[in-house]
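Visitor: Dropping the structure in here first, questions after.
The values are calculated or read from the model by the stated rules, or taken from the named source; none is laboratory data. Here the structure is a predicted model, which means the values were calculated and not measured. Quick reminder, even Gly has a Cβ in these numbers, built from the backbone with ideal geometry, and neighbours come from all protein chains shown. Ligands, DNA and RNA are stripped out before the accessible areas are found, and what is left, the full protein with its side chains, is counted by its heavy atoms. Shrake-Rupley method; radii C 1.70, N 1.55, O 1.52, S 1.80 Å.
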Amino acid sequence: MSSQPLPAIPTQLFINNEYIDSTSPNRLTVVNPYTGTQIPHAAHAATKHDIDAAVSAAQSAYKTTWAQTSPREKQACMLRFADLVEKHAERLAILESLPTGKPVTPTMQFDIAHMVEVYRYYAGWTDKLPGESYPASNGVYKIVRHEPLGVCAGIASWNATFLYIGWKIAPAVAAGNCFIFKPSEKSPFGALALGALFAEAGFPPGVVQIVNGGQETGSLLASHSGIAKISFTGSIGGGRAVQDAASKSNLKKVTLELGGKSPAIVFGDVDLQRAVGGVCGFLFNSGQVCVATSRVLVHSSIITPFTAALKTAFEEASATLGADPLDKSTVYGPVVDKAQFDKIMSYIAIGKETATLLTGGAQEGDRGYFIQPTIFVDPQPDSPILKEEIFGPVLAIQSFETEEEAVALANASDYGLAASIYTSNIDRALRVSSQLECGGVAINSPFIPELQTPFGGVKASGQGKELGKEGLLEYTEAKSIHIRLDVAKL
Ligand code: NAD
């Protein structure tokens, strides 16, 4: 265990710019997946009463303070918040790492750094939300305005809390909405700590609120008729439940960022080391990444050297397992908890029966929830390790002969989140990228979300977009204004 003193751990709800107790005595405990022992700080879980209070504070802020805050001052709040997050990055990374096992260095270098950039990016949009106008060809001059929705909410998974606090809250508040965010009950502390930073940055009470809680709290948000839109990141089952609750309540807008079974296609003309390095990005956060390319399709001409090089790289990563995620030199941590550990191990058991195990396939050490990076080759076409999302450090390699076969294998999935193509032939890369059924394609790298381009899946991977201009417009409603001109006076 790292010798540095731990920061204070926030456990209360952040409502109306204050930390308050839940109205229920129930507390949600979390286990540190590095040690396997319970963290003594249990977070409060928001009740119906608490959610009503948060919605009421947000409605009030939406109509008064935030509506009266100029775009320039909104922008200043967002930029100050980004600066404060940067200042407190190390503390925030520790708070996120304790319950999730995500090592602090990648958390600071990617999750927190990206969140900061998302706030700065959307701060620039506060005074640039465009509209349209159309000429009075039929005697009616037309204006289209993109107006905020009101109170919006976000529900997130535990694997990258800070990214979701960027992707959901930043565009919403930049467009003039107020926001209630619920982190996963598995990763409450980093999110709750941000409440104080939102207040210090100058966001008026009620504009951004953070409520911890499990599925019940999520359901309260999804079914609340005072909420105009909900953005959900999580499992397909959770997304379905949120969409159901939304349609049974006030038909609020719903964005769903769900699971993935993303393919990486490696063509024979590739720079082998570059491709192996890119595919190894799969191990970031122990494979608990929605866009992780867990299916690797390799051209038969290079399958032997590619597989050997990937095996070596996975075994090198495996040799580093077991280190304290709070240690700044740690790159790979444990998986998030026992439930996730058991789920991944059950897929490994299935893999051993339906594919050939190339490397890994076991727990690493006997403390915490470390799993060896695992590669299966030649899986049976209907194996669950090819069809279902494992969300852990387990990938499967298939070989292909032709481009058409590669595309067919890549598209043979219920999911459609992202894909990677490794090739030195740009014509082929662009041709294949247009044939893939997914929301985003990366050429010669893992798919990494970018500020300016929309992120989101198709098929069972979800609906709606985050990031970019599209991510901003998702927090607005287009309003048409028609002006009938007095033709006689023209
Ligand atoms: P999960 O669905 O169990 O939980 C996600 C969040 O939803 C949590 O905050 C949880 O409390 C809440 N929740 C669960 N059931 C709910 C319900 N019935 N009503 C309302 N809220 C509910 O998912 P998880 O295990 O936290 O996350 C892993 C999943 O998330 C994986 O499938 C992964 O692919 C997906 N994911 C998707 C993206 C993306 O952007 N597409 C990103 C990260 C993770």
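Visitor: So which of Gly154, Gly101, Gly131 ends up being surrounded by fewer than 22 Cβ atoms within 10 Å (Cβ to Cβ) and of a type in the set (Gly, Ala, Ser)?
Guide: Gly131
Visitor: Now for a separate question. Go through Ile143, Ile227 for me and flag whichever is buried (at least 23 other Cβ atoms within 10 Å of the Cβ) and either more than 10 Å from the ligand (Cβ to nearest atom) or part of a loop (DSSP other than H, G, I, E, B) (or both).
Guide: Ile227
Visitor: Okay, moving on. Quick one: how many residues across region 245-274 are in a helix (DSSP H, G or I) and either away from the ligand (no atom under 16 Å from the Cβ) or of a type in the set (A, V, I, L, M, F, W, C) (or both)?
Guide: 5
Visitor: Would you be able to tell me the number of residues in region 450-471 that are over 18 Å from Thr126 (Cα atoms), away from the ligand (no atom under 11 Å from the Cβ) and basic (Lys, Arg)?
Guide: Going through region 450-471 one residue at a time, the tally reaches 1.
Visitor: Scan Lys261, Lys338, Lys252 and give me the residue that is open to solvent by 60 Å² or more (accessible area, probe 1.4 Å) and at pLDDT 95 or above.
Guide: Lys338
Visitor: So, of the residues in region 311-335 that are under 16 Å from Gly287 (Cα atoms), in contact (Cβ under 8 Å) with a residue 60 or more places away in the chain and open to solvent by 20 Å² or more (accessible area, probe 1.4 Å), which turns out to be farthest from the ligand (Cβ to nearest atom)?
Guide: Within region 311-335, the match that is farthest from the ligand (Cβ to nearest atom) is Lys311.
Visitor: Restricting attention to region 177-206, report how many residues are open to solvent by 10 Å² or more (accessible area, probe 1.4 Å) and farther than 17 Å from Ala43 by Cα.
Guide: So the count comes out to 5.
Visitor: Hey, Leu326 hits all of (1) hydrophobic (A, V, I, L, M, F, W, C); (2) farther than 28 Å from Ala442 by Cβ; (3) out of contact with any helix residue (DSSP H, G or I) (no Cβ under 8 Å at 6 or more places or on another chain) but one; which does it fall short on?
Guide: (3)
Visitor: With respect to Ala160, determine if the residue is out of contact with any strand residue (DSSP E or B) (no Cβ under 8 Å at 6 or more places or on another chain) and within 16 Å of the ligand (Cβ to nearest atom).
Guide: Yes: the conditions hold for Ala160.
Visitor: Considering every residue within region 313-324, establish whether at least one is farther than 20 Å from Val279 by Cα, out of contact with any Gly (no Cβ under 6 Å at 6 or more places or on another chain) and in a loop (DSSP other than H, G, I, E, B).
Guide: Yes, there is a match, as at least one residue in region 313-324 is farther than 20 Å from Val279 by Cα, out of contact with any Gly (no Cβ under 6 Å at 6 or more places or on another chain) and in a loop (DSSP other than H, G, I, E, B).
Visitor: Going through Ala319, Ala275, Ala309, Ala292 one at a time, which residue ends up being at pLDDT 95 or above, under 21 Å from Gly365 (Cβ atoms) and not charged (D, E, K, R)?
Guide: Residue meeting the stated conditions: Ala319.
Visitor: Mind telling me which of the residues Ile421, Ile426 ends up being more than 27 Å from Lys252 (Cβ to Cβ) and open to solvent by 30 Å² or more (accessible area, probe 1.4 Å)?
Guide: Just a single option satisfies the conditions, and that option is Ile426.
Visitor: Tell me, please, whether a residue that is surrounded by 19 or more Cβ atoms within 10 Å (Cβ to Cβ) and over 19 Å from the mean Cα position of the chain (by Cα) can be found in region 230-244.
Guide: No, region 230-244 contains no residue that is surrounded by 19 or more Cβ atoms within 10 Å (Cβ to Cβ) and over 19 Å from the mean Cα position of the chain (by Cα).
Visitor: Still on this model: Looking at (1) surrounded by 14 or more Cβ atoms within 10 Å (Cβ to Cβ); (2) touching a helix residue (DSSP H, G or I) at 6+ places or on another chain (Cβ under 7 Å), can you tell me which one Gln380 breaks?
Guide: (1)
Visitor: So, Phe81, is that one of a type in the set (Phe, Trp, Tyr), under 20 Å from Ser157 (Cβ atoms) and in a helix (DSSP H, G or I) or not?
Guide: Considered against the rule, which asks whether it is of a type in the set (Phe, Trp, Tyr), under 20 Å from Ser157 (Cβ atoms) and in a helix (DSSP H, G or I), Phe81 comes out as no.
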